[in-house]
Each structure stands twice: as C-alpha cells, then as structure tokens.
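The values are calculated or read from the model by the stated rules, or taken from the named source; none is laboratory data. Just so it is clear, the structure is predicted and the values come from calculations on it, not from any experiment. Don't worry about glycine lacking a Cβ; one is built from the backbone with ideal geometry, like all the others, and counts go over all protein chains shown. Accessible surface areas use protein heavy atoms only, side chains included; no ligands, DNA or RNA. Shrake-Rupley method; radii C 1.70, N 1.55, O 1.52, S 1.80 Å.
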Amino acid sequence: MEFIQLLKNQEVTQAALFSVEGELMNVIIKDSKEFHAGDSVACVVNNQKFDTKIIKKQQHNLYLYIPWFDQLNLRERRKAVRTCCEIRAYIQSEQKEISVTVLDVSITGLGFFCARKLLAHRPYKISFMMEETMNHLEVMIQHVQETEEGFRYGCQFINSREGTLFPIRRYILKQQLTKLEDV
C-alpha cells in the first residue's frame, strides 16, 4: 500500500492510499477526528500537490473527490470505473440512425447493445440523454461480442473534450456516492 500526505490547516497527516476509482479516492488514516465530510484537503503524492474534498468519512476511511483533470500522478493506477445503465441511444451509420441501448459507461468509453452488426475499429457518432443533457459523442468500436439477441459492443471515446464528458463524469460519481450511502 502506498502512503500519501494530507494537508489540512497547516497540519500534515500520513494516509494509506487504499484505492482510486474514477474521481473517488479512498485513504485510511489512524486519527480521523480532525477530518469531516465537506472539508477541503490538499494531498501530496510524488511531490505533487492537488486539492480534494472529503465526501464521506467512515471510521478511519476518508472518501475524497478528486477532479479528473487535476490528476496526473494517479492516472496509471486509476481505474476507469464502469457504471451500469440502460439508456436508449442512437448510432449514426451511413446516413442512417440505428437504435442501440447503452449498457455501461466510463470516463473513457461505453458499452452498448445493438441488434445489427456494425464494423469494428471504425468511428461512429452516438447520441443519448444523460443527466438531463443530450450527449453527442464520437466512439471507436474496440470489441464485439455476438449474443443470441444481437451484438454487444465495447467502445472508446475519441475526439472528446473535457466539457463534453461532464454529464458522464457526473453520472458515474453520483452512482459511486449512492453505493457509498449503502455501506
């Protein structure tokens, strides 16, 4: 387990980095009485400092929100959290709109089901509603799995900017926080 430093009110606290998934980091500290949900805390990893916010405190566990674009040093360990969903979407293919169902999303891509065979390793435009926003993204099909009912596709987002992924980031974080409430 890797150790990081938490900085709060000019005080330094050692913490064990337990996990980083998407924009949620779980650290374990010995003495948690000075830390509370809602507190802003700076973290130092590999001599790099970044700001976080405590979302939840559970005994010696702190769950910290880390904005995706602030993280450079944690990216190699960060998992692109896949969140299940069932959202109607449309793929643009050769001037035709094809109905698909998005089955899961992550900050790097999505999985969808389609009754029709689509070509892999080719860009497609996909449109779907999430977080009260109509999302229009470009994806590249990376994986195809044939099922009895059709095809399951795994895609990577391409040519996307930070702002276009915000509704997806928000949806994933909301789902993670809902799971934390159940713990």
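Here are the numbers:
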item	result
Of all residues making up the range 84-107, the number that are surrounded by 15 or more Cβ atoms within 10 Å (Cβ to Cβ), polar (S, T, N, Q) and either more than 18 Å from residue 129 (Cβ to Cβ) or at pLDDT below 90 (or both)	2
Candidates 152, 161 - the one that is out of contact with any Asp or Glu (no Cβ under 7 Å at 6 or more places or on another chain) and either more than 30 Å from residue 47 (Cβ to Cβ) or not basic (Lys, Arg) (or both)	152
Members of the range 126-145 that are free of Cβ contacts under 8 Å to residues at least 40 places away in the same chain and open to solvent by less than 40 Å² (accessible area, probe 1.4 Å)	126, 127, 135, 137, 139, 141
Among (1) at pLDDT 90 or above; (2) under 28 Å from residue 53 (Cα atoms) - the single one residue 145 does not satisfy	(2)
Checklist (1) within 25 Å of residue 141 (Cα to Cα); (2) at pLDDT 85 or above; (3) surrounded by fewer than 15 Cβ atoms within 10 Å (Cβ to Cβ) applied to residue 14, failing item	(1)
Check on residue 148, open to solvent by 60 Å² or more (accessible area, probe 1.4 Å) and part of a helix (DSSP H, G or I)	no
Number of positions in the range 151-160 that are in a loop (DSSP other than H, G, I, E, B) and either under 18 Å from residue 99 (Cβ atoms) or open to solvent by less than 100 Å² (accessible area, probe 1.4 Å) (or both)	1
Matching residues in the range 1-36 - criterion: being over 26 Å from residue 106 (Cβ atoms) and part of a loop (DSSP other than H, G, I, E, B)	9, 10, 29, 30, 31, 32, 33, 34, 35, 36
Lone unmet requirement of (1) free of Cβ contacts under 8 Å to residues at least 40 places away in the same chain; (2) in contact with a Gly (Cβ under 9 Å, 6 or more places away or on another chain); (3) under 19 Å from residue 25 (Cβ atoms) for residue 178	(2)
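The rows are residues; the columns are (1) of a type outside the set (S, T, N, Q); (2) touching a strand residue (DSSP E or B) at 6+ places or on another chain (Cβ under 8 Å).
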residue	(1), (2)
2	yes, yes
16	yes, yes
19	no, yes
23	yes, yes
34	yes, yes
42	yes, yes
46	no, no
